[in-house]
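The structure appears right after this line, and notes come after that.
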Amino acid sequence: MGIEYKEDTIVFQKRVYENELEGLKKALDALKKPITADFTACDDLHGAVVQLLLAYKTTYGCEFLFTDNKSSYKMALEGFRTIENDCNK
């Protein structure tokens, strides 16, 4: 399993595929408060998981923990801006 749940922290490990999405969604729906998403042991993350985390961050708040390694999911999560007014310019 690529995801471990620890109270307000969700730890992503190795490769996280789309089959983890339903369990993650259920866990996030139960929390409905700011969380920490720890990617320090994660090698790769499916795009649908990225989308779910960004939607959650916009609604409830989420802090992301990364290593210094570059990855496409890290760039997507770090680069996402929750300010809607940027789209209206």
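Observations on the structure shown:
- Residue-by-residue Karplus 3J(HN,Hα) for region 32-40, coefficients 6.51, -1.76, 1.60, Hz, glycine and proline x: 6, 7, x, 10, 10, 10, 9, 10, 5
- Label selected from (1) 12.8, 43; (2) 13.5, 44; (3) 12.3, 37, the criterion being Rg and Dmax of the Cα atoms in Å as computed here: (1)
- Across all directions, the average projected area of the convex hull around the alpha carbons of region 1-53 is 3.2 nm².
- For Gln13, the residues whose amide H sits under 5 Å from its own are Ile3, Glu4, ignoring neighbours fewer than 5 places away on the same chain, with H placed 1.01 Å from N.
- Packing rank of 10-23, 43-56, where each peptide gets the mean count of other beta carbons within 10 Å, highest leading: 43-56, 10-23
- Contour excess over end-to-end distance, with Cα ends at Glu63 and Glu4 and 0.36 nm allotted per residue: 19.6 nm
- Listed values for region 57-65 are Karplus-derived 3J(HN,Hα) couplings in whole Hz (6.51 cos²θ - 1.76 cosθ + 1.60, θ = phi - 60°), namely 4, 5, 8, 10, x, 7, 9, 10, 10, and x replaces Gly and Pro.
Any read-out appearing in this document is the output of simple, stated calculations on the displayed coordinates, not a laboratory observation. Note that the structure is predicted; figures quoted are calculated from it, not measured. Note that each Cβ is placed from the backbone with ideal geometry, even for glycine, and that neighbours are counted across all protein chains shown.
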